[in-house]
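**Student:** Dropping the structure in here first, questions after.
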Amino acid sequence: MHLERIAVLGSTGSIGTSGLDVIAKSPGRFKVCALSTNINIKLLKAQVERFKPEAVCIGEIKGNEERWGKTRVYKGETGLLKMLEDVKIDTVLVGISGSSALSPVLKALDSVKKMALANKEALVMAGSVIMSKAAKNNITIVPVDSEHSAIFQCIGAGNRKDLKKIFLTGSGGPLLKVKKSRFRDITVKQALNHPRWKMGKKISVDSATMMNKGLEVIEAAWLFNMEIKDIEILIHPEAVIHSMVEFIDGAMLAQMAVCDMRVPIQYALTYPERTDSGIRSLEFSKIKNLSFYKPDFRRFPCMGLAYYAGKKGGTFPSVLNASNEVAVKEFIEGRVKFIDIPRVIEKVLGFHKGVDDPGLGDILEADRWARVKTKEIFKCYR
Ligand code: MG
């Protein structure tokens, strides 16, 4: 029987480990052919023992080993691109966090048949480039981000041409009930403490600022070819509904499941099929209530900044993303306050002179410019 050859990029992170868990529970379906990590070599070695891939890539360029047993070892950013060129891959699961996923995503779109994409930053930066390359090479991008998986599934039950609106739901993050006056004292620990999902650090801070939801609006616009104005954020603290769509006839569809990333990961990996996951069902009698609220743009200005950048288009989303990445890193490393994150991004967006219909070069230049500008402005904060 033909085994689907699968590569897991970012295999030691939150998405990657869940992805390998899904793969391990589907014997006879997948062959893991390549893995990559940024720094967690210890876990990568354990994954190599277990899945015996042909190749792995480590982000750090250290040491001179070229093989671990039968597994070829690639290193660094260029090594990752080389690995994607050398290894035959049917499906790639992209679990790399942040903008560093952009080059491997574009490289993988040269050769894979299907992409299960968990990364949102690459789409926010360069959605036009990614989506047109995927269309040209006839590659299906199946989103792994839980909301976008939900939207993808809902749209699949109807026709894309009849789609009227997307309701992007979000639990509201760890600070949903915290007063704005307390925001200036938010610690890294508080920001990382998400009530519903266990995730990596970057996305957890993004959930606290609600920038995550803002980035997801832009991500959805690219994935589903929707206008930003037709995507509405809805706060839904129970996180039972993972997003909804409305068709032109007024019919609305929602996707529901327990909060377990293995559900959207497995859907993306097995798409267009569904297979038994063994994951528990929702118990509606225990949930009792589903509630929905409009998001609070005053307490969480990052969402408004994302709508602004998304509507401006061009290189603005790239600037939004880069400035946010720098600001989140500065916050996690204790150099700036939580409330400085939206402040600095707003300033950087204000300074940006956008490029319409940008090519990849314009996008990368905007990204580079925004990082320098953000650091420059932060120097005045310290
Ligand atoms: Mg999400």
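**Student:** May I ask you to list the residues in the stretch 268-296 that are open to solvent by 30 Å² or more (accessible area, probe 1.4 Å) and outside any loop (DSSP other than H, G, I, E, B)?
**Tutor:** 284, 285, 286, 287, 293 - these are the residues of the stretch 268-296 that are open to solvent by 30 Å² or more (accessible area, probe 1.4 Å) and outside any loop (DSSP other than H, G, I, E, B).
**Student:** Give the residue that is nearest to residue 20 (Cα to Cα), with candidates limited to residues of the stretch 92-107 that are open to solvent by 10 Å² or more (accessible area, probe 1.4 Å) and touching a Gly at 6+ places or on another chain (Cβ under 7 Å).
**Tutor:** In this case the residue turns out to be 95.
**Student:** Filter the helices (runs of 4 or more DSSP H) completely within the stretch 301-382 down to those with at least 3 residues that are open to solvent by 80 Å² or more (accessible area, probe 1.4 Å).
**Tutor:** Output list reads 301-312, 340-351, 360-381.
**Student:** In the stretch 186-200, what residues are open to solvent by 100 Å² or more (accessible area, probe 1.4 Å) and modelled with pLDDT of 90 or more?
**Tutor:** Once the filter is applied, which keeps residues that are open to solvent by 100 Å² or more (accessible area, probe 1.4 Å) and modelled with pLDDT of 90 or more, the stretch 186-200 yields only 189.
**Student:** Looking at the stretch 159-173, which of the residues that are away from the ligand (no atom under 15 Å from the Cβ) and either in a helix (DSSP H, G or I) or at pLDDT below 95 (or both) is surrounded by the fewest Cβ atoms within 10 Å (Cβ to Cβ)?
**Tutor:** 161
**Student:** Got at least one residue in the stretch 257-268 being among the polar types (S, T, N, Q), at negative phi and within 23 Å of the chain's Cα centre (by Cα)?
**Tutor:** Checked the stretch 257-268: at least one residue is among the polar types (S, T, N, Q), at negative phi and within 23 Å of the chain's Cα centre (by Cα).
**Student:** Tally the residues that are outside any helix (DSSP H, G or I), touching a strand residue (DSSP E or B) at 6+ places or on another chain (Cβ under 8 Å) and either within 12 Å of the ligand (Cβ to nearest atom) or free of Cβ contacts under 8 Å to residues at least 40 places away in the same chain (or both), restricting the search to the stretch 174-219.
**Tutor:** Here the count works out to 1.
The values are calculated or read from the model by the stated rules, or taken from the named source; none is laboratory data. Not measured: the values here are computed from a predicted model. Heads up, the Cβs are rebuilt from the backbone with ideal geometry, glycines too, and the neighbour counts pull from every protein chain shown. Side chains are part of the model used for accessible areas, which takes the heavy atoms of the whole protein and leaves out ligands, DNA and RNA. Shrake-Rupley method; radii C 1.70, N 1.55, O 1.52, S 1.80 Å.
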